[in-house]
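Please read the structure below before turning to the comments.
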Amino acid sequence: FHSVSVITDAITKGIGGFDKNAIYGAMVAASNYTSWSIPTFNKNNYLQIDDESESVSKALEYAYDNWCIAQVARTLNNASEAAAFDLRASSYINQYDPSTGFMRPRRNGTWFSPFDPREVNNHYTEANSYQYSFFVPQDIPGMIDLMGGIDATDKKLDGLFTAPNSTTGRTQADITGLIGQYAHGNEPSHHMAYLYDYIGKPWKTQALIHQIVDSLYHPVYNGLPGNEDCGQMSAWYVWSALGFYPVNAASGEYVFGTPLMNETTIKLANGKAFTVTAKNLSDKNIYIQSATLNAKPYTKSFIKHSDILKGGTLVL
């Protein structure tokens, strides 16, 4: 099912060479699999612990997958089906417990107790509630509202990165590279340091990206901070070294962090080139004060894939 995000990413970026209608049909079929409690999720818009193991993680990821399918439906001008997938995509709200401020397991229509957000158990996939409570890449503004607004989300994120860096419950080898309860060694956390951009505090993102790059990656044979699943640990580093990252890969947008190198040039498949230049960059000068795109002032905290494909120069 999760392959739909990769397919949507390709379609969003204009990559072709395949029948979009046929692949959309396959995506819809995946959203209606009869395994892994997908029918229960589609019916109830949430999962309970008696429905499926790792129920919280699966419900949140199913929501994102459905959002991805909705984007392809729109590309094919299928508004009614897009709306139906949008509804499923919004179901993340049903896993959120406002009394604790975390994505929490459900049982018999209420919340499962006892609850410890640091506990590693079979309600989450290789993670705990801290590491999945920010997994709403398809609707970060909605997630911010759910958490109580910008100030509350700011405190919530601060709490993630400053909590005690030990977990409770079972031992999970995949939870490594801990900064507080942020686990850089496993994929569910990888977008979280970039979330401060969405609440108007990009300097916090920039400080964290610099800290992660500087402290968790090393040029030795075992220098990665976690399991290199499909190259994700290295991919995060490459993106972040450029100075931006695809928080929601299928959105076609890259959110700014802080670059690692003074100048980087991307050779594009269309024959053009896109250069990122970082002026006055040093170990201490890590904060972006201003930016220009092709010599014009640039004030956004993200850049679109479509803008990069045009070629040119981003100066930070």
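The values are calculated or read from the model by the stated rules, or taken from the named source; none is laboratory data. Given the structure is predicted, the values throughout are model-derived calculations rather than measurements. Please note: Cβ atoms are built from the backbone with ideal geometry, for glycine as well, and neighbour counts cover all protein chains shown. Ligands, DNA and RNA are stripped out before the accessible areas are found, and what is left, the full protein with its side chains, is counted by its heavy atoms. Shrake-Rupley method; radii C 1.70, N 1.55, O 1.52, S 1.80 Å.
Below is a table of values for the structure above.
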{"read-out": "Pairs of Cα atoms farther than 24 Å apart, region 19-114, %", "value": "25 percent"}
{"read-out": "For region 87-146, the spread of Cα positions along each principal axis, largest first, Å", "value": "29, 24, 20"}
{"read-out": "Charge dipole (debye, nearest 20) of the chain; +1 at Cβ of Lys and Arg, -1 at Cβ of Asp and Glu", "value": "820 debye"}
{"read-out": "Of all DSSP beta bridges in the chain, antiparallel share, percent nearest 5", "value": "75 percent"}
{"read-out": "Which of 278, 21, 157, positive extreme of dipole for the chain (C-beta unit charges)", "value": "278"}
{"read-out": "Accessible area (Å², per residue) of the chain, counting only protein heavy atoms and a probe of 1.4 Å", "value": "46 Å²"}
{"read-out": "Selection of trypsin sites (Lys or Arg not before Pro), region 264-316, meeting DSSP coil and at most 13 other Cβ within 10 Å", "value": "272, 279, 284, 300, 310"}
{"read-out": "Cβ charges +1 (Lys, Arg) and -1 (Asp, Glu), total dipole of region 275-314, debye", "value": "120 debye"}
{"read-out": "Between region 207-252 and region 25-58, the Cα center-to-center distance that results, in Å", "value": "30 Å"}
{"read-out": "Peptides 186-196, 157-167 ordered by average Cβ neighbours within 10 Å, highest first", "value": "186-196, 157-167"}
{"read-out": "Scattering curve values for the chain, log₁₀ I(q)/I(0), Debye with Cα scatterers, q = 0.08, 0.09 Å⁻¹", "value": "-0.38, -0.48"}
{"read-out": "Contact order normalised by residue count of the chain, Cα under 8 Å, 6+ apart, percent", "value": "12 percent"}
{"read-out": "Whole-percent carbon and sulfur share, accessible surface of the chain, 1.4 Å", "value": "53 percent"}
